[in-house]
Amino acid sequence: MAELIAYCGLVCDTCPIYLATRQEDREEQARMRAEIARFCNEKYGTGYAPADINDCDGCRTAGGRLFFGCRECCIRQCAMPKGLENCAHCADYACEELGKFFAAEPSAKARLDNLRVGIHQNAADSSELG
């Protein structure tokens, strides 16, 4: 199964919020949400309570549950109307907003950079065939 990659380059199906959504044991889910809130508060200064960590099916979900932080994400709000699979497909890659995000999440940059290499290679291969 392919990874569910967010617009920004994070992998949704390894995201703690996504995993907590899928946790069937309610006590474990509550523990996970408390840990997520603590982490977000320490890393990003968010002030989240465990109850703020709502269900999420991934930021590219169509009509599914969406974490409010993802719903308000400026990267998502930019990429969605453009119909992009993720920001690696954007002509403006890597924009200022992504640059700020990558400072906190360098693995997301590496992932999108790798995807861009593949996109450009596929385009070059297609033009050679045509």
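What follows is calculated from the coordinates using simple rules that are stated; it is not laboratory data. Please read all numbers here as calculations on a predicted model, not as lab measurements. Reconstructed Cβ throughout: ideal geometry from the backbone, glycine too, with neighbour counts over all protein chains shown.
Structure values in brief
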| read-out | value |
| --- | --- |
| Linear extension gain, ARG38 paired with ALA110, 0.36 nm per residue minus alpha-carbon span | 23.3 nm |
| Cβ-placed point charges (K, R +1; D, E -1), dipole of the chain about Cα centre in debye, nearest 20 | 240 |
| Calculated [θ] (222 nm, deg cm²/dmol) that DSSP helices of n ≥ 4 give over the chain, each run adding -39,500 (n - 2.57) | -17000 deg cm²/dmol |
| Positive dipole terminus of segment 12-129, leading residue within MET80, TYR48, GLN29 (C-beta point charges) | TYR48 |
| Coil-residue GluC sites (Glu not before Pro) of segment 1-63, DSSP, other Cβ within 10 Å capped at 16 | GLU3, GLU24 |
